[in-house]
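Dropping the structure in here first, questions after.
The values are calculated or read from the model by the stated rules, or taken from the named source; none is laboratory data. Quick caveat: nothing in here was measured; it's all calculated off a predicted structure. When we count neighbours, we look across all protein chains shown, and the Cβ atoms used for this are built from the backbone with ideal geometry, even at glycine.
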């Protein structure tokens, strides 16, 4: 359960990391974009307000409106009409040119001389202005008659530097939000493109990880099969050693007949099958013993085996193992006819086993000599695919080669060459 959970996490993790990184990048980009827009807007409204407050026309008009009201009796729109007539066109022109929502100019009590809405002229501003009318500059967001806005307030001073009014320039928060939406719209195609690329990269990485997991599964299955096979072979080796001790004991007492009967009982010795005229010479006892034994085994599979021999001397157990495994492999593959050829070539033996079975698919030709590989189902639980691995190991240990190809009989041809061992 833990392994499955860990595997799932490793498969999902690349996608999660990719999406998280992309989301964080987009969020940071949007935050940086919003901060940039606000900073630029704040600088813009402050520049506009300071420029207006320094205009001689603004100073003269605001100075002329000071006498229209007092702290106890504020001026109204009618009282400020002369100053409004001068300043409103300037405020409208500057506001349109600078792209701001409003430009408001007030007298020394904070009563509006100009405003985009005529109804707001002659009305004292609602937000705190005491510090600005005292000579300070303000930049920030406030809620006024037009709603929340990012605004700058700058004092208007007389020639002596005394504050006599103020200029307020503002941009609505909704306008800033609209600029941010435009920025998001410009960023969106890049974000989508990055998402597509990141998804493809994540998919490739996930596929690579999944392929790795599958390969590990195959290796784990092969190791498990090899462990089962090794266990079975150890048990068989122990049993074989025990039987050898029994045989040794019987022969030591001189009970040759009982020893022979015991061997026939435990080994299921096959009766020789006389279906060929090939024979070994008197000085080739191992070869003579191998021929009927291998032929009898193939006969039980329904296969006919013929030998083609040209040997100068006897063979050893290594050659017997190679020949018997290759012949058995041909019979188990379904061949009806098998031919085994053995030749001496100096100090080496060259041989081949041909059959008329289904042959070997060239796509798997390199894998058939691997331990545990078999195209046949394992019904014993002890593992299959051992015979060709044995052949490979014997041939390799004796400086030889073994190759598989197409036989003239129509099936497979296993050709080998190795040191004769004598």
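Being crowded, with 16+ Cβ neighbours inside 10 Å, modelled with pLDDT of 95 or more and touching a strand residue (DSSP E or B) at 6+ places or on another chain (Cβ under 6 Å), is that true of even one residue in the stretch 359-369?
no
Same structure again: Which pairs do you get when a residue that is under 18 Å from residue 407 (Cα atoms), found in the stretch 361-375, comes within reach of a residue that is at pLDDT 75 or above and assigned to a loop (DSSP other than H, G, I, E, B), reach meaning Cβ atoms under 7 angstrom, with the pair 6+ apart or on two chains?
Note: pairs meeting the criteria are 368/360.
Same structure again: Could you tell me how many of the residues in the stretch 95-120 are in contact with a helix residue (DSSP H, G or I) (Cβ under 6 Å, 6 or more places away or on another chain) and surrounded by fewer than 20 Cβ atoms within 10 Å (Cβ to Cβ)?
1
Okay, moving on. Please go through the stretch 305-318 and pick out each residue that is touching a strand residue (DSSP E or B) at 6+ places or on another chain (Cβ under 6 Å) and closer than 12 Å to residue 291 by Cβ.
Selection gives 305, 306, 307, 308, 309, 311.
Let me ask you something else. Checking residue 69 against (1) surrounded by 19 or more Cβ atoms within 10 Å (Cβ to Cβ); (2) modelled with pLDDT of 85 or more: exactly one of these is not met. Which one?
With respect to (1) surrounded by 19 or more Cβ atoms within 10 Å (Cβ to Cβ); (2) modelled with pLDDT of 85 or more, residue 69 is out only on (2).
Can you confirm whether residue 314 is in contact (Cβ under 8 Å) with a residue 40 or more places away in the chain, more than 14 Å from residue 413 (Cα to Cα) and more than 55 Å from the chain's Cα centre (by Cα)?
Spelling it out, residue 314 is indeed in contact (Cβ under 8 Å) with a residue 40 or more places away in the chain, more than 14 Å from residue 413 (Cα to Cα) and more than 55 Å from the chain's Cα centre (by Cα).
Still on this structure: Which one of these does residue 304 not meet: (1) closer than 24 Å to residue 393 by Cα; (2) under 58 Å from the mean Cα position of the chain (by Cα)?
With respect to (1) closer than 24 Å to residue 393 by Cα; (2) under 58 Å from the mean Cα position of the chain (by Cα), residue 304 is out only on (1).
Now for a different question. Out of 172, 133, 150, report the one residue that is modelled with pLDDT of 80 or more and over 49 Å from the mean Cα position of the chain (by Cα).
Only one candidate passes the filter, namely 133.
Could you please let me know if residue 132 is touching a helix residue (DSSP H, G or I) at 6+ places or on another chain (Cβ under 8 Å), within 25 Å of residue 38 (Cα to Cα) and crowded, with 16+ Cβ neighbours inside 10 Å?
no
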